[in-house]
Amino acid sequence: VQLQAFGGGLVQPGGSLRLSCVVSGYIFRVMALDWYRQAPGREREWVAGIATNGRTNYANSVKDRFSISRDIAKNTLYLQMNNLKPEDAGVYYCKTNKFGRDFWGQGTQVTVSS
């Protein structure tokens, strides 16, 4: 299973970004997928997840600002991030768990600064 995340960049506070994660190596529609992030000096934290049935969940810190979705035809996971705050900055990773282990994408950097 391989995951490749992209779409990060520099954005001003209050701005938006959409991250993408292309998944290969397994049947995408039966995969539960998550977004995590890690800021410098902090532990990696869970941000949002989407279950195989499409049900979504969010960390309280991003609820109502971020939206996780997927395009099964494109084997792609998304994270739409709106009203970004400086504390949202960090490296964002997509992740899935299959065969008893975690598979991570390489991460994409999000910088929120004026």
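The values are calculated or read from the model by the stated rules, or taken from the named source; none is laboratory data. Treat the numbers as computed from the prediction; the structure is a model and nothing was measured. When we count neighbours, we look across all protein chains shown, and the Cβ atoms used for this are built from the backbone with ideal geometry, even at glycine.
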TYR78, sole failed condition from (1) out of contact with any helix residue (DSSP H, G or I) (no Cβ under 9 Å at 6 or more places or on another chain); (2) at pLDDT below 95: (2)
Pick from the stretch 87-104, criterion over 12 Å from the mean Cα position of the chain (by Cα) and closer than 16 Å to ALA32 by Cβ, ranking: surrounded by the fewest Cβ atoms within 10 Å (Cβ to Cβ): GLY100
Selection within the stretch 7-38 - touching a helix residue (DSSP H, G or I) at 6+ places or on another chain (Cβ under 9 Å) and at pLDDT below 95: PHE28, ARG29
Subset of the stretch 28-57 [among the acidic types (Asp, Glu) and within 16 Å of THR76 (Cα to Cα)]: ASP34
